[in-house]
Amino acid sequence: MQALHASSLSGLSDRLKGPGGLYNIGNVLALTSGAVVQIHNMPSGASLSAAIQGYLFGSPAASWLTLAILTFLIAGEAYHRAWTGRTMPDARLTRMGDAISAVGAVFLSFSLASSGSLFLAFVAGLMLAAGKLGTAILPIVPIRQEQAIGIDRTLRWIVVASRIPSLLTLAMGLVALHADGLIFRHGALPGIMIVCFLLWVAADVALMKKSPT
């Protein structure tokens, strides 16, 4: 029994390592924290399943966001398999993670646009999509290795930069809540989302360290 417990803990620890682990910690946290806040704030006597369904699929923006996070989870698994137990990450699986992430970024753009955040949709979502798609197709472009490495780094920095507008928006929201005296009542979710974005930035940077391009 102890051996099984130790094996389970070891397996969980391995899943939390590397870029894939960082991405998916943020993905799971983003997906579950909003649901928890929604359940906490639901009216007395309301249906738990209805509250969760409303959070996940209650509007076009919510549906696109749920689809985006689920897609990012699949990408995170590809990154995990590319990096776990290897001195050098698997190039094919890393490109697969990049390509799947680009699809998720498109879904994210639809979600942001549906919620009225057109600036974030075009800047954050499309920058993320462009950066990830670029790194996914870069290896098939007929250019020299030195050029490919430089372009890969630039594209991955574009991905990092795509997080900045969302982080600034969340931070300004927290400042406004603090000014209105509502930080303890409504600040949990934006605070958690800031943590998620910082985890994703850490994963973005980790991908640069041993890029297989």
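The values are calculated or read from the model by the stated rules, or taken from the named source; none is laboratory data. Please read all numbers here as calculations on a predicted model, not as lab measurements. Neighbour counts are summed over all protein chains in view; Cβ atoms, including those assigned to glycine, are modelled from backbone coordinates with ideal geometry. The area values use the complete protein model at the heavy-atom level, side chains included, leaving out ligands, DNA and RNA. Shrake-Rupley method; radii C 1.70, N 1.55, O 1.52, S 1.80 Å.
Structure notes:
- Per-region count, segment 138-157, residues assigned to a helix (DSSP H, G or I), farther than 16 Å from ALA206 by Cβ and in contact with a helix residue (DSSP H, G or I) (Cβ under 8 Å, 6 or more places away or on another chain): 4
- Test for LEU29: is it touching a Lys or Arg at 6+ places or on another chain (Cβ under 8 Å) and either part of a helix (DSSP H, G or I) or surrounded by fewer than 15 Cβ atoms within 10 Å (Cβ to Cβ) (or both): no
- Contact map, segment 47-75: first residue open to solvent by less than 50 Å² (accessible area, probe 1.4 Å), second residue of a type in the set (Val, Ile, Thr), Cβ cut-off under 7 Å, separation 6 or more or different chains; pairs are ALA51/ILE39; LEU56/THR66; THR71/ILE100; THR71/VAL103; ALA75/ILE100.
- The set of residues in segment 39-61 that are assigned to a helix (DSSP H, G or I) and touching a helix residue (DSSP H, G or I) at 6+ places or on another chain (Cβ under 6 Å) comprises ILE39, ALA51, ILE52, TYR55, LEU56, PHE57, PRO60, ALA61.
- For segment 137-157, a residue qualifies if it is within 17 Å of the chain's Cα centre (by Cα) and open to solvent by less than 60 Å² (accessible area, probe 1.4 Å), and the qualifying residues are LEU155, ARG156.
- The set of residues from segment 78-94 being closer than 16 Å to ALA206 by Cβ, of a type in the set (D, E, K, R) and not in a loop (DSSP other than H, G, I, E, B) comprises just one member, ARG81.
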